[in-house]
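Participant: Have a look at the structure that comes next, please.
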Amino acid sequence: MSAKTAFQYLVPRRSMECCHGQETFEPGMRYYSTVVPDEENDYRRLDYCEACWQAHGQEACHDSSQGFWVNKVPIKIEPKPPIDRVERALELLKEYTSIEEMDEETATLAFFIAVFLAHRRRLSLRKEITKNQTLFSVYENPQTEDTFVLKQVDLSKVDLESVQVKIAAKMRDEESDAKDSVPELPKSDRRNEQI
């Protein structure tokens, strides 16, 4: 024998149109709802557009002592697809290497992004070359055959935490909470970091 509590009634979801004028509810549109008893000793929901509520629903609701509520049809916001960190890093690297004359900070960020992508197996280190006593790394994206020539960075002269925070901020396109998604540098790349 099942016991029924006083509130085991299901209130249906909002209908797609006004119960009186059959106007379709559009996103952002205000509507009025009430629940009324029906013939089968159950309840049904009535949703009114604002015009029909003013003309018919409000009066009927107050005459029968029924309660009502007001709401707006939600505006559907398409969720942003999750950002793939590797793809975003590739975009950043392309953006940085398209700059005619990179400043020292941008060159450092680009180098560390390339190292990150190499460890994720999206770039391959093809060659290291020396030009004017400066060491450069040549990375290639095997899928697109794009090549990136980047000045190597002396790790002993870089504040790695600062670089990580800056890269994380760029990868998120925002400065706040940048430390939460810092791409960790592999231990092998910390070989010259001062302890």
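Participant: Taking the criterion of being under 19 Å from residue 95 (Cβ atoms), surrounded by 12 or more Cβ atoms within 10 Å (Cβ to Cβ) and either basic (Lys, Arg) or under 33 Å from the mean Cα position of the chain (by Cα) (or both), would at least one residue in the range 124-136 satisfy it?
Facilitator: Among the residues of the range 124-136, not one is under 19 Å from residue 95 (Cβ atoms), surrounded by 12 or more Cβ atoms within 10 Å (Cβ to Cβ) and either basic (Lys, Arg) or under 33 Å from the mean Cα position of the chain (by Cα) (or both), which makes the answer no.
Participant: Any chance the range 53-62 includes a residue that's of a type outside the set (S, T, N, Q) and either exposed (fewer than 11 other Cβ atoms within 10 Å of the Cβ) or assigned by TED's automatic domain parsing to the domain that holds residue 153 (or both)?
Facilitator: At the first step, the residues of the range 53-62 found to be of a type outside the set (S, T, N, Q) are 53, 55-57, 59-62.
Narrowing the set further to residues that are either exposed (fewer than 11 other Cβ atoms within 10 Å of the Cβ) or assigned by TED's automatic domain parsing to the domain that holds residue 153 (or both) leaves 62.
Within the range 53-62, one or more residues are of a type outside the set (S, T, N, Q) and either exposed (fewer than 11 other Cβ atoms within 10 Å of the Cβ) or assigned by TED's automatic domain parsing to the domain that holds residue 153 (or both).
Participant: So, one more: Does the range 57-73 contain at least one residue that is assigned to a loop (DSSP other than H, G, I, E, B), basic (Lys, Arg) and over 16 Å from residue 12 (Cβ atoms)?
Facilitator: First pass over the range 57-73, keeping only residues assigned to a loop (DSSP other than H, G, I, E, B): 64-67, 73.
Right, trim to basic (Lys, Arg) and you get none.
No, that holds for no residue.
Participant: Please determine whether any residue of the range 139-152 is among the aliphatic types (A, V, I, L, M), crowded, with 19+ Cβ neighbours inside 10 Å and in contact with a Leu (Cβ under 6 Å, 6 or more places away or on another chain). Outline the logic, then answer.
Facilitator: From the range 139-152, those among the aliphatic types (A, V, I, L, M) are 149-150; that's our starting set.
Subset that is crowded, with 19+ Cβ neighbours inside 10 Å: 150.
With in contact with a Leu (Cβ under 6 Å, 6 or more places away or on another chain) added as a condition, the list becomes none.
The answer is no, given that none of the residues of the range 139-152 is among the aliphatic types (A, V, I, L, M), crowded, with 19+ Cβ neighbours inside 10 Å and in contact with a Leu (Cβ under 6 Å, 6 or more places away or on another chain).
Participant: Let me ask you something else. For the range 75-82, check the following and say yes or no: at least one residue is assigned to a loop (DSSP other than H, G, I, E, B), closer than 30 Å to residue 14 by Cβ and hydrophobic (A, V, I, L, M, F, W, C).
Facilitator: The answer is yes; a qualifying residue exists.
Participant: With (1) touching a residue at least 24 places away in the same chain (Cβ under 8 Å); (2) under 24 Å from residue 155 (Cβ atoms); (3) among the hydrophobic types (A, V, I, L, M, F, W, C) as the list, and residue 99 as the residue in question, which single condition is left unmet?
Facilitator: Going through the list (1) touching a residue at least 24 places away in the same chain (Cβ under 8 Å); (2) under 24 Å from residue 155 (Cβ atoms); (3) among the hydrophobic types (A, V, I, L, M, F, W, C), residue 99 breaks only (1).
Participant: Can you list residue pairs whose Cβ atoms sit under 8 Å apart, with the first residue in the range 75-96 being without any contact (Cβ under 8 Å) to a residue 40 or more places away in the chain and the second being of a type in the set (Lys, Arg) and outside any helix (DSSP H, G or I)? Count only pairs 6 or more apart in sequence or on different chains.
Facilitator: Between residues of the range 75-96 that are without any contact (Cβ under 8 Å) to a residue 40 or more places away in the chain and residues that are of a type in the set (Lys, Arg) and outside any helix (DSSP H, G or I), the close pairs are 86/120; 86/122.
Participant: Out of the residues in the range 145-164 meeting the condition of being assigned to a loop (DSSP other than H, G, I, E, B) and in contact with a helix residue (DSSP H, G or I) (Cβ under 9 Å, 6 or more places away or on another chain), tell me which one is farthest from residue 121 (Cα to Cα).
Facilitator: Just the residues of the range 145-164 that are assigned to a loop (DSSP other than H, G, I, E, B), to begin with: 145, 152-154, 158-159.
Right, trim to in contact with a helix residue (DSSP H, G or I) (Cβ under 9 Å, 6 or more places away or on another chain) and you get 152-153, 158.
Details: 152: 19, 153: 20, 158: 24 Å.
Result: 158.
Participant: What do you reckon, is residue 121 exposed (fewer than 15 other Cβ atoms within 10 Å of the Cβ), in the same structural domain as residue 148 (by TED's automatic domain parsing) and not in a loop (DSSP other than H, G, I, E, B)?
Facilitator: Values: exposed (fewer than 15 other Cβ atoms within 10 Å of the Cβ): yes; in the same structural domain as residue 148 (by TED's automatic domain parsing): yes; not in a loop (DSSP other than H, G, I, E, B): no.
When the stated conditions are applied, residue 121 does not pass them.
Participant: Something else now. List every residue pair whose Cβ atoms sit under 7 Å apart, with the two residues 6 or more apart in sequence or on different chains, where the first one lies in the range 161-173 and is within 17 Å of residue 117 (Cα to Cα) and the second, anywhere, is in a helix (DSSP H, G or I) and β-branched (Val, Ile, Thr).
Facilitator: Final answer for the pair search is 163/108; 167/113.
Participant: Please work out which one of (1) in a helix (DSSP H, G or I); (2) surrounded by fewer than 15 Cβ atoms within 10 Å (Cβ to Cβ); (3) at pLDDT 85 or above is the condition residue 170 fails and give its number.
Facilitator: Every condition holds for residue 170 apart from (2).
The values are calculated or read from the model by the stated rules, or taken from the named source; none is laboratory data. Predicted model only: the values in this text are computed from it and were never measured. Cβ: placed from backbone, ideal geometry, glycine included. Neighbour counts: every protein chain shown.
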